[in-house]
Structures are given as C-alpha cells and as structure tokens.
Amino acid sequence: MRIYLLIAAIAGGVTWLVTPLIRHVAIEIGAVGEVRARDVHTIPTPRMGGLAMLIGFTVATVFASKTMFLSGLFTGNYQMWVILAGGIMISLLGMADDLWDLDWMLKLAGQLLISVFVAWGGLQIISLPFGGSLITASPSLSMAITAFLIVASINAVNFVDGLDGLASGIVAIGGIAFAIYSYIIARYSPSYASLATLIDVMMVGICVGFILHNWHPAKLFMGDSGSMLLGYLITCASIVMTGRLDPASIHPSIYLPVFMPILLPILVLFLPVLDMCLAIVRRLAKGQSPMHPDRMHLHHRMLRIGHSVRGAVTILWGWAALIAFGSLMILFFRARYVLIGMAVAVVVLTVATMYPYLKHRIPEMQAESRAMEATREGAQHAAMPSGKTGSSKDSGKLAIEAEPDQQQGRSIDRNADRDAGQSVESGK
C-alpha cells in the first residue's frame, strides 16, 4: 500500500508543480476560454490544464516502471504503455479543441479512433456476465464494448466539467473507491501488484494536484484536454480490473461485486452519466444536436436554486461519494446495513441539496398564505355593510308596518281614558 501512496504523491506533486507553468503557456498561445452564455465564470480564464495532468501521470508511470514491486507489471506486458499512449492522444485531441474549438462530430470521431486503437492494443473487456457466470466475448464484440465504454465515459466527464473542481473531484472520489476495490481483489492473486490500482492512484494524484489550482475561483481550467483524459483513465482502470477476471481465482466473498464488469464505470460515474443522458434527451427533444451547449446541466440547476459554486461542488461530491462507496461497503458489511446507511445519507444530502430552495420558498409560501388570509378578511369586511343596510331596511319596514297598530293602540287608549273619565264624573 505504501508504494501506491508514494506513486500517488509523485503524480499529484508533479501536477501541482507544473500547473502554473502550463497556465503561462496557455496564456501565451491563446488557449484562454472566453466567457460564453452557458459559462459560470465571469472573466476569461486559461484552459489546457489537462496538459499538466498528463505530465504528472506520465512521470508517475515512468517512476512506477522502475520500482521493484511494480516493475513486473511492465515486464513483457505493453498494456500500460498502450494506455499511456492513448492518454497522450486523447489529451492532444482535447488540446486541439481547447485551442480551435473543434466541431463535435470531428471530436467524437477522434475519440472513437483512439478508443479502437487502445482496444486493439489489448485493453478489452474479455469476460461478460451472462446466466450466472462469466463468458468469453468474441474479439470484435470486446473491442466494440470497450470503445463504447471509453467514449461514453470521456463525454460523461466532459459534460459534468462545468464548475471549478467538480469533474476532478468526482473522478478522484471514483478513483479512490476503485483503488480500494482493485487492491482487495489483488490480495487474492499471487502478486499484490495491480495495474488497475496503479492507474487509479495515479489518477487520484493528478486530480488532487490539479484541484489545488482549480478550486474556486479557478486560476486554470482543465479544458477538454483534462476532462477527456480523466474519463479515459477511469474507464481504462475499470476495464483492466474487471475485463479479464477468472471466476475460479476470485474468493466467493467478493464474487458478487466482481460480477459487474460493465456496471462499475456507470456506478462510479453515475452523476456524469446521468447528466449526459439527461442532456442528450433534452436536446434531442428540442430538435438540437446532442452536443448543443445549454445551461440545464445538474450544476447549473444547483446554482439556480441558490447554491454557491463551492457549495454546489461539495454537495455533488457527496452524491458521488455516496454512490461510489455505497457499492464498495457491500464487501465489508451486510447489505441491509449498507442500505440503511445509504438511505440516511440520501436524506441528509437531499436536505442539503434543497436547503437554499426551501430557505427562500418557505417565506414566499408564508407570504402568499398571509396575502390570501388578508384577501379573505377584506372580502368579509366588504360584505358586512351590505348586510347592515338590509337590516335597516327591514327594520324600517317593520317600523312602518307597526305604526298603524301603534296609532290604533293610542286611539283605544284615548277612548278608554274618556270612558274612565265619564265613569268618574257619574260617580261624583
């Protein structure tokens, strides 16, 4: 484990050191992102930070190949060098997009060609889950599935890269979960050395090293050269870890989680994949291109309901950690306990996510309730004078009707007094 931590520190340290230099180069060559309608930042900021991440990953790879514990992964096996070559090509494609803003179809074609090259070089999903066991896929099917997963992950991370530190943080969280997962699996193999774990720790290192410069307010953006590299690396690590598993060599206690070679990248990249799927459906429903930019991504919605940039990033990190580590906890705890813990975490994160909206919405609802109450009372007061007028009219009518009776009564009283007076005089 200590050698992996050392490799991660080297990757992160080199990335952190060269990022200011890359920022200067980006400014000199004009790789500065102009403020667009969909952007959150308000001032032009240099891009092309992915080049610093690529340099950190390359230096860490070369160092790892010289260590005694990990050198066996490079001896007689060119898979890591193929992955590094693919990473260099995908970063160069991203740099071209950072500089010249390539057409989305051209960029997608380049991603597909690089993915096919990497699959042809040996990075393939060989085993597929079917009928309660793992079966071997044909070479053409393996290449197609591998290329599809790489392209999908590249664009998923690219879609979610909209706030300072968001994409690199989500990938780092997924990389940590993957590193722990692959390290546990490697303990049941003859050698503890694991290529998947090596890729994961180097990826986490370059993410952490870059976040130190990319935290809001960012001094440099990773650009497509960085987001595409991260999506590529995390998928390569997952394919290396799960693509060539032998069920006979896996301990029964971890066989079930291992039995998901295709779902693992989706679980770790759940938020980016969800955001990408929603964006594609939303744009196609409007008759737009799937790559048409807008301000309806998940991070845009978080800002719209009242979160700050740092608050939105932190909460989205929390959701990513819940999904990534929730599946990992099944290895150590019973499923029902994991589900209970995840349910509690979901409630907490939901409250944190909706808090700014509720904070403003609840007073608005109270004000609306008071306004409705005031309107109701006003209507009641408006109805009271008309009721009093009717009562006066009725009273007047009764008084008029009562006057003949009263006059008749007074006549009767006067007659009675006259008769009484006559009686008195007669008595005298």
- Task: Filter the stretch 297-336 down to the residues that are under 16 Å from Val171 (Cα atoms) and of a type in the set (Val, Ile, Thr), then identify the one that is surrounded by the most Cβ atoms within 10 Å (Cβ to Cβ).
- Result: Val313
- Message: Looking at the structure I just gave you, is Leu212 surrounded by fewer than 24 Cβ atoms within 10 Å (Cβ to Cβ), touching a Phe, Trp or Tyr at 6+ places or on another chain (Cβ under 8 Å), in a helix (DSSP H, G or I) and in contact (Cβ under 8 Å) with a residue 12 or more places away in the chain?
- Response: yes
- Task: Mind listing just one residue for me: the one in the stretch 86-101 that is touching a helix residue (DSSP H, G or I) at 6+ places or on another chain (Cβ under 8 Å) and of a type in the set (A, V, I, L, M) and, of those, modelled with the lowest pLDDT?
- Result: Leu99
- Residue in the stretch 297-305 that is touching a helix residue (DSSP H, G or I) at 6+ places or on another chain (Cβ under 7 Å) and outside any helix (DSSP H, G or I) present: yes
- Task: Please find, among Arg47, Arg2, the residue that is among the basic types (Lys, Arg), over 22 Å from Thr235 (Cα atoms) and touching a helix residue (DSSP H, G or I) at 6+ places or on another chain (Cβ under 8 Å).
- Result: Arg47
- Query: Could you say whether any residue in the stretch 150-161 is closer than 21 Å to Met228 by Cβ, modelled with pLDDT under 85 and not in a helix (DSSP H, G or I)?
  - Reply: yes
- Query: Restricting attention to the stretch 133-150, which residues are closer than 18 Å to Tyr232 by Cβ and either surrounded by fewer than 22 Cβ atoms within 10 Å (Cβ to Cβ) or of a type in the set (Gly, Ala, Ser) (or both)?
  - Reply: Ser142, Met143, Ala144, Ile145, Ala147, Phe148
- From the list Ile170, Ile184, which one is touching a residue at least 12 places away in the same chain (Cβ under 8 Å) and either within 25 Å of Met105 (Cα to Cα) or surrounded by 21 or more Cβ atoms within 10 Å (Cβ to Cβ) (or both)? Ile170
- Item | Of all residues in the stretch 57-76 being surrounded by fewer than 19 Cβ atoms within 10 Å (Cβ to Cβ) and free of Cβ contacts under 8 Å to residues at least 40 places away in the same chain, the one that is farthest from Tyr4 (Cα to Cα) | Gly76
- Query: Taking the stretch 195-206 on its own, how many of its residues are crowded, with 24+ Cβ neighbours inside 10 Å and farther than 18 Å from Thr19 by Cβ?
  - Reply: 5
- Residues within the stretch 65-115 that are closer than 20 Å to Asp200 by Cβ and part of a helix (DSSP H, G or I), tallied: 18
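The values are calculated or read from the model by the stated rules, or taken from the named source; none is laboratory data. Just so we're clear, the structure is a prediction, and the values are computed from it rather than from any experiment. Cβ sites come from the backbone with ideal geometry, for glycine too, and all protein chains shown count toward neighbours.
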